[in-house]
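Down below is the structure, laid out as structure tokens.
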Amino acid sequence: MQKRAWWKEAVVYQIYPRSFMDSNGDGIGDLNGIRSRLDYLQTLGVDVVWLCPVYDSPNDDNGYDIRDYYSIMREFGTMQDFEVLLADLHERGMKLVMDLVVNHTSDEHAWFQASRSSRDNPYRDWYIWRPGRDGREPNNWASHFSGSAWEWTEETDEYYLHLFSRKQPDLNWENEAVRNAVYDMMQWWLDKGIDGFRMDVINAISKVPGLPDAPNPTGARYAWGGQFFYNGPKVHDYLREMYHRVLSKYDIMTVGETGQVTTADAILYAGEDRGELNMVFQFEHMDLDSGPGGKWDVRPWRLSDLKQVMTRWQKDLYGKAWNSLYLNNHDQPRAVSRFGDDGKYRVVSAKMLATFLHLQQGTPYIYQGEEIGMTNVAFSDISDYRDVEILNLWRERVVEGGEDPTSILAAIHKKGRDNARTPMQWDDSKHAGFTTGTPWIRVNPNYRRIHVKEALANPDSVLHYYRTLIALRKAHPIVVYGRYDLVAADHPQVYAYTRTLDDEVWLVICNFTAEEVSFDWPEEVPTSEPEFLIGNYPEQEGDIRRMQLRPYECRVYRA
Ligand code: NOJ
């Protein structure tokens, strides 16, 4: 058996506070709103709440642009509200993980205000400043949110680096004073009693010296420079320093958001005894529907690729590092719309996806609304969108680039981050019970059908299924610690795998299509009388050696 840890056994629930629950009618979710829904989270059975950023912010990127690490965003409440929320969670035996956004700050942070003011300001070197090159940016890197990753400022006639929006200047981690300030701040929050951090783009904190131009085969104005800032030369030094100075002193969980990582990288970031992080969020399965043109170049994903990617992560990390398991979050489309069927088979396919994910090895993350099968939204008017990434894309490609608005809108419908950010659907009253005011972003029109109240009342709901699945994890160590093996690798419609712990074996079978398909009990899984443990349809009589699976059916057996 592998080393036990509470964060391996836990299920995490991710809250995007802006969209979860509004308590004061201003149309924006808040901390007291979250507090009012803790019974709901407790009955779901989750152990940990991960709060997306709640720090003071001008909200260019909804809190991922922090103006003051030591205070709470006004719209979300006060520090006292935060402390009460934390105490309430702890009283219920739940834990709280905060988002830690330290690759960059807001441009309105006092450090940046000082830094930009003059070249000899003591804070100058807290950010990454460079002179222009022949009247242009210092290099050709593209920002994640369209356009250049550099912004010129008048005060000193130099450019600062921002991998995300121009209101998110990158901190200079080479500067020891920056690192000390970050560690002090982390310690301050941990001393308040929080239970860990989800670390935003943490593998981008070390940039390759010299900041070289990115390869640019298509001759675009700006190019993807990920190889020069993801997994950079000093990133492990920084994380180990952070671990020794701060993390190692507390019984907490840490998860790093790490784009562009392989399993070998993950073993360095989250290896059992490395003294860095507990686990990372990898992105390979999130990239399966992107073509060569990147995120917005949307392609159908293939089940064979999903099998290959997930299996590689399961096998390569086994016994060495720990996986995080997720199918969506606040940056991704809704899982049921992307990997299942959000129409006729919404309920069964959402349950199948939950089974598929939660029974693999790793810590599962549920993103708010996933547990009731919330779906993507398709606003027909760009003015209904709020996300800086979407709005920048629109400006660059449609307004300035003259591209066809219909095709860009279609890509936004499939991949836009606002799919995940429409308000949580609590009931069928106006604005889905999220607010008594006007919500900051429109509610998904399907809220009259899909909402928590219905899910609580209906024993066949996705929600009740999640509760059962979580309870199964608590009751059977095999779900947490069992070894994973892919079976029936070449089956074109079914993703099946086993988990094995000592002499116990479970078989998980998931039909990823809307068709009826047959599936033969795999020969390599010996059994005499398999026991049906959970499934998304009533158990079916019939020959177990040759099963007929219904659309999106999943079944789990103890062999
Ligand atoms: C990743 C976060 O999840 C995303 O929402 C944010 O825009 C970027 N990092 C920048 O902080």
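Which whole number in µm²/s is D for the range 273-378 by Stokes-Einstein, with the Kirkwood Rh taken over Cα pairs at 37 °C and 0.692 mPa s? Intermediate results must be reported in sequence, preceding the final value.
Numbers: Rh = 14.8 Å.
Rounded to a whole number, D works out at 222 µm²/s.
Straight-line cross-link reach from LYS167 at under 30 Å between alpha-carbon atoms covers these lysines, not counting any fewer than eight positions away in the same chain: LYS192, LYS207, LYS234, LYS295, LYS414, LYS415.
For the chain, what is the mean residue ellipticity at 222 nm derived from helices alone (per DSSP H run of n ≥ 4: -39500 (n - 2.57); sum divided by total residues; nearest 500 deg cm²/dmol)?
Working: 16 runs with 147 residues, N = 559.
Only helices count here, giving -7500 deg cm²/dmol.
Rounded, prolate or oblate: pick one for the range 158-218, where a ≥ b ≥ c are the square roots of the eigenvalues of its C-alpha gyration tensor, a/c under 1.5 means rounded, and failing that, prolate if a/b is larger than b/c, else oblate. Since a/c reaches 1.5 and a/b is larger than b/c, the shape of the range 158-218 is classed as prolate.
Relative contact order, whole percent, for the chain stands at 13, derived from Cα pairs under 8 Å and 6 or more residues apart.
Full extension of the segment from GLN308 to HIS244, taken as 0.36 nm per residue of separation minus the current Cα-Cα distance, would add 19.5 nm. Hull volume per residue, based on the alpha-carbon atoms of the chain and their convex hull, is 147 Å³.
Cut-off 16 Å, label point 7 angstrom out along Cα-to-Cβ of GLU9: give me the residues of the range 441-474 whose amide nitrogen falls inside. From the range 441-474, the list is 470-474. Among beta bridges from DSSP that stay inside the chain, the antiparallel ones total about 60%. Long hydrophobic helices in the chain: none of the complete DSSP H runs spans 27 Å or more by Cα along its own axis with mean Kyte-Doolittle hydropathy of at least 1.6. Each Lys and Arg Cβ is given +1 and each Asp and Glu Cβ -1; about its Cα centre, the chain then shows a dipole of about 520 debye. In this structure, the amide hydrogen of LEU96, modeled 1.01 Å from its nitrogen in the peptide plane, lies closer than 5 angstrom to those of VAL49, ASP195, counting only residues at least 5 positions away or on a different chain.
Comparing ASN329, ALA475, VAL49 along the charge dipole axis of the chain, the residue lying farthest to the positive side is ALA475, per the Cβ-charge model.
Restricting the calculation to Cα atoms, the range 326-482 yields a radius of gyration followed by a Dmax of 17.2, 57 Å. Over the range 404-500, the pair-distance histogram of Cα-Cα distances with 5 Å bins from zero comes to 2, 11, 11, 11, 12, 14, 15, 12, 7, 3, 1 percent, rounded to whole numbers. Simple spin-label estimate for LYS474 and ARG448 gives 3.7 nm between the two label positions (7 Å along the Cα-to-Cβ direction from each Cα). If you plug the beta carbon distance of ASN121 and LYS234 into 1/(1 + (r/R0)^6) with R0 = 25 Å, you get a FRET efficiency near 0.55. Only Cα pairs under 8 Å and 6+ residues apart enter the sum, and on that basis the relative contact order of the range 253-396 stands at 19 percent. In plain terms, the C-alpha convex hull of the range 229-283 casts an average shadow of 3.6 nm² when viewed from every direction. Segment ASP134..GLU396, full-extension length gain: 92.0 nm, with 0.36 nm per residue of separation and the alpha-carbon distance subtracted. In this rough spin-label picture, where each label sits 7 Å from Cα along the Cβ direction, the TYR537-GLN187 distance is 5.9 nm.
Relative contact order for the range 48-151: what is it in percent, counting Cα pairs under 8 Å that are at least 6 residues apart?
Numbers: 130 pairs, mean separation 21.9, N = 104.
Result for the range 48-151 is 21 percent.
Working note: Cα gyration tensor of the range 110-161, eigenvalues times five, square-rooted, sorted largest first, giving semi-axes of 20, 13, 8 Å.
In square nanometres, what is one fourth of the surface area of the convex hull spanned by the alpha carbons of the range 1-54? All intermediate terms of the calculation are to be shown ahead of the outcome.
Working: hull surface 17.8 nm².
In nm², the orientation-averaged hull projection of the range 1-54 is 4.4.
Sorted into 5 angstrom bins from 0, the C-alpha pair distances of the range 482-558 split as 3, 15, 30, 28, 16, 6, 1, 0 percent.
Summing Cβ point charges (Lys, Arg +1; Asp, Glu -1) relative to the Cα centre of the range 110-161 gives a dipole of roughly 140 debye.
Highest average first, the peptides 89-96, 379-386 ordered by how many other beta carbon atoms sit within 10 Å of their residues are 89-96, 379-386. The mean of 1/r over all pairs of different alpha-carbon atoms in the range 121-233, once inverted, gives a Kirkwood hydrodynamic radius of 15.4 Å. At full extension, GLN113 and GLN493 could sit 131.3 nm farther apart than now, given 0.36 nm per residue minus the alpha carbon distance. Remark: the range 24-37, residue by residue, has Karplus-estimated 3J(HN,Hα) of 10, x, 8, x, 10, x, 8, 5, 5, x, 4, 4, 6, 10 Hz, where x stands for each Gly or Pro and the curve is 6.51 cos²θ - 1.76 cosθ + 1.60 at θ = phi - 60°.
Where a number appears in this text, it was derived from the coordinates with a stated rule and is not lab data. Given the structure is predicted, the values throughout are model-derived calculations rather than measurements. Backbone-built Cβ (ideal geometry, glycine too); neighbour counts: all protein chains shown.
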